[in-house]
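Take a look at the structure below.
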Amino acid sequence: MWLFAGGGESEIDGLVPFLRKHFPHCHFERITPARIKRGPKPGKKIDAPGQTGKSFASQIKYRLNIALRSGSCDLILVLDDLDCKDADKQKEMFSEAIDSVGKAARIKRFIAFAAPELESWIIADWENTFAPDIDFRKFHEGLRHKLSQKYNVPFDNPESFSEYDQNKKSCKEKLSQVIIDAVYSESLRLEKPLKHYSKKYHTPKLVQRIVPSKVAQKCPFFRELYNCLNKFCKDI
C-alpha cells in the first residue's frame, strides 16, 4: 500500500508507526511526506514536506509519477488534514490528481481525512493519551475542562471543532493551537512551569497511544479510514 500523507512532522513521526501497529497485515510504504536534505535544489519545493490541500494534490501527482516508474501497489491511501474544508470537494480534487497519472487510474484508492487535524484523534481517546502521559497527567482534568468550556472543544465529536474561514482558507481556529494555548493557560492558572504542548513532539507520541476502536466511536471520518483498512488488510 502506498501512503500519501499531507502535513509535516507529526504525520512523518506518528502516522506510519500507528498504521503499522494496528494493521500489521498490511505493508505501508510512505511516498509522502518526504524529508528534504539540507540545501534542496531550486525547483524542488513541490517535494518538500508540509504540503496540504492543492499543493498536496500537486505533490501526489509528482511523487506518483516517480513511484510508478519502478512498480505498483494494491491500494493508494491518501490522508490529509481536512481543515474544515468540504470533504466531497477535497476527495474529488485528490481523486482527479491520481487519475491524471495514467497508470494510476486503475489502482484502488481510498481518500481519508483527519478532521480538522490529527489532534482530534488524541482528543477522542483522552483516557489513553493525555490522561496517562507524564507531561500532562497531573493536570489533565483541568486541561480537559478548559478545552471544553473555554475553547469549545466537543469531546464527543472532536472532528466538528471550528468552522471554515474564507479568508484563511482553513479552520477559523486550529485545534492544535487551541491545545497549545490551553496548556499554557493552565500553567498560568496553577502558577507552575508546566510542560508546553508541542505539535512536533507530543502529537506523534500520543497518536501512537490511541485505541482505534474508541476513536472510531467519536470520529466519523476516522471511522471510515478504520473500517477501510480493517477490511482491506483482512482480505490480503
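The order of L188, L194, L206 by accessible area, most exposed first and with a 1.4 Å probe, is L188, L194, L206. Using a simple spin-label model with pseudo-atoms 7 Å out from Cα toward Cβ, Q177 and E191 lie 3.1 nm apart. With K and R counted +1 and D and E -1, the other residues having a Cβ less than 11 Å from that of K138 yield a net charge of -1.
Rounded to a whole number, what is D in µm²/s for region 172-224 from Stokes-Einstein with the Kirkwood radius over alpha-carbon pairs (25 °C, 0.890 mPa s)?
Here the translational diffusion coefficient equals 190 µm²/s.
With every protein chain left in place, what is the accessible area per residue of the chain in square angstrom, probe 1.4 Å? Each residue of the chain exposes 52 Å² on average to a 1.4 Å probe.
In this label model, E141 and D74 are separated by 4.7 nm, measuring between points 7 Å along each Cα→Cβ vector. Here is the short version for the chain: C73, C219, C228 have no other Cys C-beta closer than 4.7 Å. The listed residues T52, T203, once ranked by accessible area (1.4 Å probe) with the largest placed first, stand as T52, T203.
Taking the 1.4 Å solvent-accessible surface of region 178-227 as the whole, the part contributed by carbon and sulfur is 53%.
Note on the chain: Cα-Cα pairs beyond 22 Å make up 54% of the total pair count.
Extending 7 Å from the Cα toward the beta-carbon at both Q149 and N65 defines two label points whose distance is 5.5 nm. Across the chain, Cα pairs under 8 Å and at least six residues apart give a relative contact order of 23 percent. By the rule of a C-alpha distance below 18 Å, with chain neighbours fewer than 8 residues away ignored, the lysines paired with K234 are K21, K108. Length gained on full extension, A87 to N227: 48.6 nm, using 0.36 nm per residue less the C-alpha separation.
Set the Cα radius of gyration of region 81-202 against 2.2 N^0.38 Å, with N its number of residues, and you get 1.29.
The values are calculated or read from the model by the stated rules, or taken from the named source; none is laboratory data. Being a predicted model, the structure only gives us computed values, none of them experimental. Reconstructed Cβ throughout: ideal geometry from the backbone, glycine too, with neighbour counts over all protein chains shown. Keep in mind that these areas ignore ligands, DNA and RNA; they rest on the heavy atoms of the full protein, side chains included. Shrake-Rupley method; radii C 1.70, N 1.55, O 1.52, S 1.80 Å.
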